[in-house]
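These notes concern the structure reproduced below.
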Amino acid sequence: MSKNIQLWLPSYLSRRPPQAVTSTHVFFCFVDHYEPLWNKASRHQGLERVEHWFENYPRMADNFRDADGRPPQHTFFYPTEEYVPEYLELLARLCGQGYGETEIHLHHDNDTAENLKATLNDFKAKLEHHGFLSNGRYGFIHGNWSLDNSRADGRWCGVNNELQVLRDTGCYADFTLPSAPSECQTRKINSIYYATDDPQLPKSHDTGVDVCVGGEASGDLMIVQGPLALNWSSRKFGLLPRIENGEVAHNAPAVADRIDNWVAQRISVVDKPDWVFVKVHTHGCQEMNLNAALGPSVTEMHQHLQDKYNDGTAFVLHYVTAREVFNLIKAAEAGQTGDPNRYRDYVLPPPPVIGAPRQGAKP
């Protein structure tokens, strides 16, 4: 079937998002498959890309504040295979100024569990040297979408027990999904859940146990999904609906109807409908995406978020990093209530490059 829609459309058609709640806290998380050496760039071109972000992100972000007074946050998922110290030094300075955090991205092929474990542990040490990561834990995005060897042909991974390797090396959650229209897309959509690895089979995260208030961690890894839906607004032009997968790119700018669709999926911890998580993604080092991820187009996105989702009554907006998303999910699971800003550091404190935990963290 076209665009592998058969993998997830039944779940989409049968799913009933939680009812809207007033006030709804909207946690907006922008994750980046951040690849300075994309398309076989030279080391100099890669440095120019990182410098462009270092110089221009504050100029954009300083125009906006969430309900807690924080600027837009960006989570840079940096590829293990593209380690260049001076790139990470610039990102450390940018994150240290309060604009985001850095986690782990990985492209690999025909790999083994043993080599994967060594690769992740080695890169963790490098990131920690630059002041990144919290207590040896990390968030993860899989390159080419192929988490847990989920391509039918076995390319771009090779490790059927990848979820277990991620768990054993300190991964606190995976942020790869959604991956539609890729065949790596799971049946389970618009969810936050725990996946249990079958080390003999691929794509063990195809299903899982929803994170819920009063529940407990289970399985091997938390999966935090972004929105996956159909965008019906295109029908006004007599076209078929588009797949909405939360990608922000030159050919998919974050216009108002898309943002509204993201929020409407109401991705949340079960029995906590007033906390809604909106995780979208980009490939921010590709020059063709700079406007969508960093320029005037993303400015329009933040303006819509401010105008519609930060009125303090119907909606309260919070800009969050991937680590803070995990902490807020764990706080919701534990039954915490009240001002969610208190729980940004609930389980995992900020990495050294950022500073001390906020009120509400576990002692």
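The values are calculated or read from the model by the stated rules, or taken from the named source; none is laboratory data. From a predicted model like this one, the values you see are computed outputs, not experimental measurements. Here Cβ is always computed from backbone atoms with ideal geometry, including for glycine, and neighbour counts include all displayed protein chains.
In summary, GLY143 fulfils each of the numbered conditions (1) under 16 Å from the mean Cα position of the chain (by Cα); (2) surrounded by 22 or more Cβ atoms within 10 Å (Cβ to Cβ); (3) not aromatic (Phe, Trp, Tyr) with the single exception of condition (2).
When the residues of region 4-32 are filtered to those that are charged (D, E, K, R) and farther than 28 Å from HIS107 by Cα, which remaining residue is surrounded by the fewest Cβ atoms within 10 Å (Cβ to Cβ)? The extreme case among them is ARG16.
Does VAL278 count as closer than 30 Å to LYS40 by Cα, aliphatic (A, V, I, L, M) and crowded, with 22+ Cβ neighbours inside 10 Å? Judged against the criteria, VAL278 is not a match. Contact map, region 294-306: residues that are touching a residue at least 24 places away in the same chain (Cβ under 8 Å) and more than 15 Å from HIS281 (Cα to Cα) paired with residues that are part of a helix (DSSP H, G or I) and small (Gly, Ala, Ser), Cβ distance under 9 Å, separation 6+ or inter-chain. Pairs shown: GLU300/ALA256; HIS304/ALA256.
Of all residues assigned to region 129-140, none qualifies as being over 24 Å from THR75 (Cβ atoms), modelled with pLDDT of 95 or more and surrounded by fewer than 20 Cβ atoms within 10 Å (Cβ to Cβ). Taken together, the criteria place LEU230 among residues that are in contact with a strand residue (DSSP E or B) (Cβ under 7 Å, 6 or more places away or on another chain) and more than 23 Å from LEU127 (Cα to Cα). Against the test of being within 19 Å of PHE132 (Cα to Cα) and crowded, with 19+ Cβ neighbours inside 10 Å, the options GLU81, GLU51, GLU86, GLU35 yield a single qualifying residue, GLU35. In region 132-154, the qualifying residues are those that are part of a loop (DSSP other than H, G, I, E, B) and aliphatic (A, V, I, L, M), and the one that is farthest from CYS29 (Cα to Cα) is ALA152. Taking the listed residues THR321, THR313, the one that is closer than 24 Å to THR102 by Cβ and either surrounded by fewer than 19 Cβ atoms within 10 Å (Cβ to Cβ) or of a type outside the set (D, E, K, R) (or both) is THR321, with no other qualifying. Restricting attention to region 57-76, does a residue exist that is among the polar types (S, T, N, Q), closer than 17 Å to ILE141 by Cβ and either crowded, with 20+ Cβ neighbours inside 10 Å or at pLDDT 95 or above (or both)? Yes, there is a match, as at least one residue in region 57-76 is among the polar types (S, T, N, Q), closer than 17 Å to ILE141 by Cβ and either crowded, with 20+ Cβ neighbours inside 10 Å or at pLDDT 95 or above (or both).
Filtering ASN291, ASN261, ASN251, ASN245 for residues that are surrounded by fewer than 23 Cβ atoms within 10 Å (Cβ to Cβ) and without any contact (Cβ under 8 Å) to a residue 12 or more places away in the chain leaves a single hit, ASN251. Touching a Phe, Trp or Tyr at 6+ places or on another chain (Cβ under 6 Å) and either over 26 Å from HIS74 (Cβ atoms) or crowded, with 24+ Cβ neighbours inside 10 Å (or both): is that true of GLN185 in this structure? Against the criterion (touching a Phe, Trp or Tyr at 6+ places or on another chain (Cβ under 6 Å) and either over 26 Å from HIS74 (Cβ atoms) or crowded, with 24+ Cβ neighbours inside 10 Å (or both)), GLN185 qualifies. Within region 201-211, being in contact (Cβ under 8 Å) with a residue 24 or more places away in the chain, buried (at least 16 other Cβ atoms within 10 Å of the Cβ) and in contact with a strand residue (DSSP E or B) (Cβ under 7 Å, 6 or more places away or on another chain) holds for SER204, HIS205, VAL211.
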